[in-house]
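Have a look at the structure below, then the notes.
The values are calculated or read from the model by the stated rules, or taken from the named source; none is laboratory data. Here the structure is a predicted model, which is why all the values come from computation and not from measurement. Here the Cβ positions follow ideal geometry from the backbone for every residue, glycine too, while neighbour counts run over all protein chains shown. Side chains included, ligands, DNA and RNA excluded: accessible areas come from the protein's heavy atoms. Shrake-Rupley method; radii C 1.70, N 1.55, O 1.52, S 1.80 Å.
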Amino acid sequence: MKQLTIDISKLAPFTDAAAMTDIQEELTNSHRMLTGRTGRGNDFLGWMDLPVTTDEAILTRIIADAARIREMAEVFVVIGIGGSYLGSRAVIEALTNPFQSLLPEPGNPQVVFAGENLSEDYHARLLEMLGKREYAVAVISKSGTTTEPAVAFRLIRQHIENKYGKEEARRRIIAITDASRGALKTLADAEGYSTYVIPDDVGGRFSVLTPVALLPIAVAGFDIRALMTGAAQMRETALRSSMLAQNPCAMYAAVRNILYRQGRSTEILVAFEPVLLYTIEWWKQLYGESEGKEHKGIFPAGVTFTSDLHSMGQYIQEGRRNLFETVISIEKPSQELEVPADSHNLDGLNFVAGKRLTEINRQAELGTMLAHIDGDVPNIRIVLPALSEYYAGQLLYFFEFACALSGYTLGVNPFDQPGVEAYKKNMFALLGKPGFEKETAELRKRLA
Ligand code: PA5
């Protein structure tokens, strides 16, 4: 099987061999810290071994549960926020025919998401749709205390119990949470829901290779064993060496830090396949929460081209020069489509007649890369042989390992997220949660 590669050949105007040599030692140290488990946040390194330590019995159980859900449900509702939904959404959207639900026989249950926002309209419309469909639910929260999914689950639990009765509803609900703590665990135990455990040493945004994402991915009809095998292959490469030339994760972490130190404080992750939109969202959380702290960190942004060349393209070409781009380039599409010839050629497009769309998309990618380099935007390419479960596994593990190395090289703890608490405290105070009386008064005064 082929492997993901990183192409930095067009970085020459922005960095040189000397910079690479200089940063190699730092990467070697970060690699040693990570693999020797001596760095900050080292009690959250369980994700590193998931591709090889995940019990076969767990995978078998997930596949069996997925088959049961596929039998009983047209819709599978995944309730979760942040790392508790982005990983599954990224993989499912990357691999699913975007028009699947409109086909006469969709084949797989439609996976939909809830509790990743607090919109009344969104959830009311979801419940309305669920009234007309057979459905099942996964409620996912590592902490078991996050407000958004808890609110959504309260609504959906009432709905599913009213629709199917308590006994049948219990068969249709699966909780994925901590082994022993949190309100969701208490509720799941009290109600007798089937549960999966998120390991203690795996943080939310690093949980894509746990039941958190594996169950929804399996329900959507994808091969989770192939996903894990792809991740295992990338793990082997990532662990084997810290040398930039031999380890694409180390190389990516190194060039990001080199560019950041030159004042490139925004990284744009670019995809030329629209199904990668949620891969970009997953990556944004992974890098944003892991590195954005202590007033440091690269701001992770994302675009899908060529659509966004007609919106963000202008800024990238000529706006403030603090950017660099990382392009996820897919080598081989799964479909074939040629531009037809037209004897009238009124649209003047016969120069591309007979060409595959992929070839046109590829030239758009290369042309954009060169234009942006000319506009002073450094370009990194991550080349993935194809979009499949196996290569999705490689890509996920690549980004996770590189993120950990990059965070250590930046000098932060990549595995905590202290800043996420600030908004929660204010929201609780403004909602009048008991215990927040002092903060409630202070905030209301500020808002008056
Ligand atoms: O990376 C993280 O830990 C967070 O972003 C979480 O994924 C997110 O806050 C959801 O948390 P939980 O799964 O505990 O509900």
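Condition first: among the aromatic types (Phe, Trp, Tyr) and farther than 19 Å from Met1 by Cα. Now tell me which residues in region 187-236 satisfy that.
Step one: list which residues in region 187-236 are among the aromatic types (Phe, Trp, Tyr), which gives 193, 196, 206, 222.
Those that are among the aromatic types (Phe, Trp, Tyr) and farther than 19 Å from Met1 by Cα: Tyr193, Tyr196, Phe206.
Filter region 397-412 down to the residues that are open to solvent by less than 10 Å² (accessible area, probe 1.4 Å) and not aromatic (Phe, Trp, Tyr), then identify the one that is farthest from the chain's Cα centre (by Cα).
Within region 397-412, the first condition is being open to solvent by less than 10 Å² (accessible area, probe 1.4 Å), and the residues that meet it are 397-407, 412.
Still in the list and also not aromatic (Phe, Trp, Tyr): 400, 402-407, 412.
Working: Glu400: 10, Ala402: 14, Cys403: 13, Ala404: 15, Leu405: 18, Ser406: 17, Gly407: 17, Val412: 21 Å.
Among those residues, the one meeting the criterion is Val412.
Given the structure, is Gly302 at pLDDT 95 or above, within 16 Å of the ligand (Cβ to nearest atom) and more than 23 Å from Ala12 (Cβ to Cβ)? For Gly302, the condition - at pLDDT 95 or above, within 16 Å of the ligand (Cβ to nearest atom) and more than 23 Å from Ala12 (Cβ to Cβ) - is not met.
Name the single residue that is farthest from the ligand (Cβ to nearest atom) among those in region 107-119 being surrounded by 15 or more Cβ atoms within 10 Å (Cβ to Cβ) and under 19 Å from Met72 (Cβ atoms). Write out each step before concluding.
Restricting attention to region 107-119, the residues satisfying the condition of being surrounded by 15 or more Cβ atoms within 10 Å (Cβ to Cβ) are 108-116.
Right, trim to under 19 Å from Met72 (Cβ atoms) and you get 108-112, 114.
Details: Asn108: 25, Pro109: 23, Gln110: 23, Val111: 18, Val112: 18, Ala114: 13 Å.
Checked region 107-119; the qualifying residue farthest from the ligand (Cβ to nearest atom) is Asn108.
Filter region 413-448 for residues that are under 31 Å from the mean Cα position of the chain (by Cα) and basic (Lys, Arg) and give the result. Answer for region 413-448, where residues must be under 31 Å from the mean Cα position of the chain (by Cα) and basic (Lys, Arg): Lys424, Lys425.
Residues in region 382-402 that are among the hydroxyl-bearing types (Ser, Thr, Tyr) and farther than 17 Å from Leu286 by Cα: Ser388, Tyr390, Tyr391. Against the test of being open to solvent by 30 Å² or more (accessible area, probe 1.4 Å), among the polar types (S, T, N, Q) and in contact (Cβ under 8 Å) with a residue 40 or more places away in the chain, the options Ser141, Ser194, Ser207, Ser180 yield a single qualifying residue, Ser194. Within region 14-28, being surrounded by 15 or more Cβ atoms within 10 Å (Cβ to Cβ) and at pLDDT 95 or above holds for Ile23, Gln24, Glu26, Leu27, Thr28.
Can you tell me how many residues in region 327-368 are among the hydroxyl-bearing types (Ser, Thr, Tyr) and surrounded by fewer than 14 Cβ atoms within 10 Å (Cβ to Cβ)? Break it down stepwise before answering.
The initial filter retains those residues of region 327-368 that are among the hydroxyl-bearing types (Ser, Thr, Tyr), namely 329, 334, 343, 358, 368.
Within this subset, residues satisfying the condition of being surrounded by fewer than 14 Cβ atoms within 10 Å (Cβ to Cβ) are 334, 343.
Of the residues in that region, 2 qualify.
The helices (runs of 4 or more DSSP H) located wholly in region 120-172 that include 2 or more residues which are more than 16 Å from the ligand (Cβ to nearest atom) and among the hydrophobic types (A, V, I, L, M, F, W, C) occupy 120-130, 147-164.
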